[in-house]
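Heads up, the thing below is written out as structure tokens.
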Amino acid sequence: MIQLLYTVIFAEMALILTFLFKTPLRKLVIMTLDRVKRGRGPVMVKTIAGTVFIVLLSSVYSMIKIQNRMLEAGAPNPTDQVLMSRHMLEASLMGFLLFLSLMIDRLHHYIRELRLLRKTMEAAKKQSQSLDDGKNGNSEKTKGLKDEIVNLKTKIKNLESECEGKAKQAKAAETEAEALRKQSEGFLLEYDRLLEDNQNLRNQLESIDQTLLQSDDKKNM
């Protein structure tokens, strides 16, 4: 489960990086996402996201149950500590996965809007140039087109600033992913240590049981 989550997260990070640079790969990714968002694609994506969210809530609920059990026991149980660490890691990874999915959806939407606005602005420029060259166009219509071009330029600047903000958020998300990776490594080391402690405790209990059995046998003899 954890390895699968890491694989999906790194894939989403790579997808976000393709949005940040204008390459042929970005066009291919955008075309693929356009096809995914048609037909039954959105329903499947929402179903998967809902399933991940439900599993996330289940992990949080398990963490709460383990925490309450530890408080009632009064002393930490090695097995509960291991389960708590595992649920915490899984919940963190699933939450980050959903966050990156939302980032990908918004970046794809803004890039598509930016491309449409650029095409509209280019068409308006060509139409304006043809009117200026012929010198027989309507001045009011030309003025309206120029105003439209100014508005489109303003929208493009706003979208570019939003894309830059999303790119910064993506970089911050990548930094957070690296921190989560380091944290997960610490959790795995703690998991191994707790398993070893648990095994030692079991061995001690078995040796104590054997000692008690031997003492009972001697008394019976």
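The table for this structure:
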read-out	value
Residue within the stretch 163-170 that is under 29 Å from Arg86 (Cβ atoms), open to solvent by less than 80 Å² (accessible area, probe 1.4 Å) and without any contact (Cβ under 8 Å) to a residue 40 or more places away in the chain present	no
Odd one out for Leu83 among (1) more than 29 Å from Glu164 (Cα to Cα); (2) out of contact with any Ser or Thr (no Cβ under 8 Å at 6 or more places or on another chain); (3) surrounded by 14 or more Cβ atoms within 10 Å (Cβ to Cβ)	(2)
Meets criteria (open to solvent by less than 30 Å² (accessible area, probe 1.4 Å) and touching a Cys at 6+ places or on another chain (Cβ under 8 Å)) for Leu107	yes
Qualifying residue in the stretch 43-66 (condition: assigned to a loop (DSSP other than H, G, I, E, B), at pLDDT below 85, open to solvent by 70 Å² or more (accessible area, probe 1.4 Å) and not basic (Lys, Arg))	no
Residue match in the stretch 31-38 (condition: within 26 Å of Lys157 (Cβ to Cβ) and surrounded by 12 or more Cβ atoms within 10 Å (Cβ to Cβ))	yes
The stretch 128-159, residues that are open to solvent by 60 Å² or more (accessible area, probe 1.4 Å) and at pLDDT 80 or above	Lys146, Asp147, Glu148, Val150, Asn151, Lys153, Thr154, Lys155, Lys157, Asn158
Tabulated pairs, the stretch 176-188, first assigned to a helix (DSSP H, G or I), second small (Gly, Ala, Ser), C-beta under 7 angstrom, 6+ apart or interchain	Leu180/Ser92; Phe187/Ser85
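The values are calculated or read from the model by the stated rules, or taken from the named source; none is laboratory data. Remember, it's a predicted structure, so these values are computed and weren't measured experimentally. No Cβ is skipped: glycine too gets one built from the backbone with ideal geometry, and neighbour counts run over all protein chains shown. With ligands, DNA and RNA removed, areas are computed over all heavy atoms of the protein, side chains included. Shrake-Rupley method; radii C 1.70, N 1.55, O 1.52, S 1.80 Å.
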